[in-house]
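Here the structure comes first, spelled out in structure tokens, and everything after it is commentary.
The values are calculated or read from the model by the stated rules, or taken from the named source; none is laboratory data. Please read these numbers as outputs of a predicted model, since none were measured by experiment. When we count neighbours, we look across all protein chains shown, and the Cβ atoms used for this are built from the backbone with ideal geometry, even at glycine. For the accessible areas, the whole protein counts, side chains as well, though only heavy atoms, and no ligand, DNA or RNA atoms are used. Shrake-Rupley method; radii C 1.70, N 1.55, O 1.52, S 1.80 Å.
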Amino acid sequence: MQIKYTKQFLNKLEDLFSETDYVLRYEKGNFQSGYCLLHETHIAIVNKYFSLDGKINSLLEILKTIQVDQDKLSDKNRKLYHEITQTQLQF
């Protein structure tokens, strides 16, 4: 899957995230990896000062590490999630 670093692709990832059990928040912080996952409360926090590329890369990493109930996803988001998790990402 070829990653497009555009605002539209970021919006697609945020839409996919909205259908998961996790809440996505953009906040300031000193996260080593640029994001923080609170697994017990299902919250993902991404550094709000990250560039567009950094936000997209963080969301992709998070989506590859969390468990997503694919039955809750719409068809287009299920397809996007499958592409993200099953293919080797090209940055």
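Would it be correct to say that Q32 is out of contact with any helix residue (DSSP H, G or I) (no Cβ under 7 Å at 6 or more places or on another chain), open to solvent by 70 Å² or more (accessible area, probe 1.4 Å) and of a type outside the set (A, V, I, L, M, F, W, C)?
Details: out of contact with any helix residue (DSSP H, G or I) (no Cβ under 7 Å at 6 or more places or on another chain): yes; open to solvent by 70 Å² or more (accessible area, probe 1.4 Å): yes; of a type outside the set (A, V, I, L, M, F, W, C): yes.
Considered against the rule, which asks whether it is out of contact with any helix residue (DSSP H, G or I) (no Cβ under 7 Å at 6 or more places or on another chain), open to solvent by 70 Å² or more (accessible area, probe 1.4 Å) and of a type outside the set (A, V, I, L, M, F, W, C), Q32 comes out as yes.
Looking for something open to solvent by 30 Å² or more (accessible area, probe 1.4 Å) and touching a residue at least 60 places away in the same chain (Cβ under 8 Å) - is there at least one such residue anywhere in region 7-29? Show your work before the answer.
Filtering region 7-29 down to residues open to solvent by 30 Å² or more (accessible area, probe 1.4 Å) leaves 7-8, 11-12, 14-15, 18-19, 21, 23-28.
Subset that is touching a residue at least 60 places away in the same chain (Cβ under 8 Å): 12, 15.
Within region 7-29 (the criterion being open to solvent by 30 Å² or more (accessible area, probe 1.4 Å) and touching a residue at least 60 places away in the same chain (Cβ under 8 Å)), the answer is yes, since at least one residue qualifies.
Quick one: in region 43-68, which of the residues that are among the hydrophobic types (A, V, I, L, M, F, W, C) and either open to solvent by 40 Å² or more (accessible area, probe 1.4 Å) or in a loop (DSSP other than H, G, I, E, B) (or both) is modelled with the highest pLDDT? Steps first, answer last, please.
Residues of region 43-68 among the hydrophobic types (A, V, I, L, M, F, W, C): 43-46, 50, 52, 56, 59-60, 62-63, 66, 68.
Restricting the remaining residues to those that are either open to solvent by 40 Å² or more (accessible area, probe 1.4 Å) or in a loop (DSSP other than H, G, I, E, B) (or both) gives 50, 52, 66, 68.
Numbers: F50: 89, L52: 94, I66: 89, V68: 89.
The qualifying residue modelled with the highest pLDDT is L52.
May I ask you to list pairs of residues, at least six apart or on different chains, whose Cβ atoms are under 7 Å apart, with the first in region 55-71 being within 13 Å of F31 (Cβ to Cβ) and the second being assigned to a helix (DSSP H, G or I) and modelled with pLDDT of 90 or more?
Note: pairs meeting the criteria are K55/L10.
In region 23-33, is there at least one residue being within 12 Å of the chain's Cα centre (by Cα), in a strand (DSSP E or B), at pLDDT below 90 and of a type outside the set (S, T, N, Q)?
no
Quick one: which of G29, G34 is of a type in the set (G, A, S) and within 19 Å of I3 (Cβ to Cβ)?
Numbers: G29 fails: within 19 Å of I3 (Cβ to Cβ).
Answer to the selection: G34.
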